[in-house]
Amino acid sequence: MRNECSIIRDLLPLYAENMVRSDTAAFIEEHLKGCKACKKEYEQNYGRSEEAPPAQEVSDAAPLLRLSRKMKVRKMQTIALTALFVAALFVSAFAVLDAPIYLPYSEKTVTVQPLGDKGMLLTFDDEVTDFDYTIYEDPDGGDFCYCEIQAWTSLWDKWFSQGKEALSAKVTLQHAKPVLVVYAPNDETENVCIAKYDPNAEKRIEKNVDHESITVLPRLSLGYYLILAAAALLVLGIVWFLTRKKETVHVWIERIGLYPLAYIISHCIVSGINWASYSLSRDFSLIVFISILLYSGLLLAHNVWRLKREIKEINP
Ligand SMILES: [Zn+2]
């Protein structure tokens, strides 16, 4: 080993850390070009092989590429997320504006007139913007039928459908049984017996009929579904807490748990904090529809949030 070699080897650690002056660096580089032993020593100890810089570049570029791909995905997801929440907002606004406001009974609300021997004509007050009626046999086995009427309006109709024609409906009957026409106010008060239509009687419509009243009870299924959603959320919350050290399990629990959360929010939008519903199928289909929109939105939001964290980890 020459004298110069031992000086170079003393300097190599400083050179590797770029801590020598430029003329010293030039001197070391010059020596390394000519001395295979020192060059080998340098490559072995400081791992800087001038022949293999591409490997270094690849490992530098890989996280950058991953980062830019993740940022692109995040951008697209954010756009989709906004679209979903806007859609959910519109459907929610529709659900609130269109929610039936049932009308209490007054003599003007609905009037019944005979229509030959096969039916009746129902005429509604102009406050009524929508109605529904169902005809069913007396559940207690009496020799007559019920014609149960519900009438309502909505916020939307109150604001935008003023001055529309009064609604009316022709009710045709398939049988010769007398029909008791009842009005359901849907406010947990008793049904009002408006009239009795008897196709066999001379005077077909009889008003002020005395009849045992029934109350239409609200359907409670929505309340049960709400309890179910809350219970699912609670169970998932406990599992989430117990598995807090397992990252992948955690992510999946969060993804699943977002659905009951979306369902509860949708229930509150459609039915308020009411458990009971007089319009179960309408309310339930709206809740499911809004909850699916919200769930997709929350799922995307969760993904975007996770991506944001990963991007931060790669590029602090
Ligand atoms: Zn040397």
Fewest first, what order do 28, 101 take by the number of other Cβ atoms within 10 Å?
101, 28
Would you please calculate the Kirkwood hydrodynamic radius of segment 3-51 over all C-alpha pairs and express it in Å, rounded to one decimal?
10.7 Å
Sorted largest first, the C-alpha extents of the chain along its principal axes in whole angstrom are 135, 43, 29
Taking a crude spin-label model, label points 7 Å out from Cα along the C-beta direction, the residue 82 to residue 4 distance in nm is 6.6 nm
When a footprinting reagent is the concern and you count Cβ atoms within 10 Å, what order do 225, 183, 136, 295 take, fewest first?
136, 225, 295, 183
Compactness of segment 100-178 as Cα Rg over 2.2 N^0.38 Å, two decimals
1.24
Taking the chain as a Gaussian network, Cα atoms linked when under 10 Å apart, which of 65, 81, 258 shows the biggest mean-square fluctuation?
65
Show me the GluC sites (Glu not before Pro) within segment 124-182 that DSSP assigns to loop and that have at most 13 other Cβ atoms within 10 Å of their Cβ.
165
Below 8 Å, C-alpha to C-alpha, sequence gap of six or more: please give me the relative contact order for segment 102-207 in percent.
29 percent
Over the chain, the sum of -39500 (n - 2.57) across DSSP H runs of at least four, divided by residue number and rounded to 500 deg cm²/dmol, gives at 222 nm -19000 deg cm²/dmol
Once phi is turned into θ = phi - 60°, what whole-Hz ³J(HN,Hα) does the Karplus curve with 6.51, -1.76 and 1.60 give for every residue of segment 177-191, x standing for Gly and Pro?
7, x, 10, 9, 8, 10, 10, 9, x, 6, 10, 6, 9, 5, 4
Could you give me the ³J(HN,Hα) list for segment 120-136, computed from phi with Karplus coefficients 6.51, -1.76, 1.60 and θ = phi - 60°, whole Hz, x at Gly and Pro?
9, 10, 9, 10, 9, 4, 6, 5, 7, 10, 7, 8, 8, 9, 10, 10, 9
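Below 8 Å, C-alpha to C-alpha, sequence gap of six or more: please give me the relative contact order for the chain in percent.
16 percent
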Most exposed first, judged by fewest Cβ atoms within 10 angstrom, 143, 198 run 143, 198
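Only the coordinates and a few stated rules stand behind these numbers; no lab work does. Remember, predicted model here, so these are calculated numbers, not experimental data. Glycine also receives a Cβ, built like all others from the backbone with ideal geometry; neighbour counts cover every protein chain displayed.
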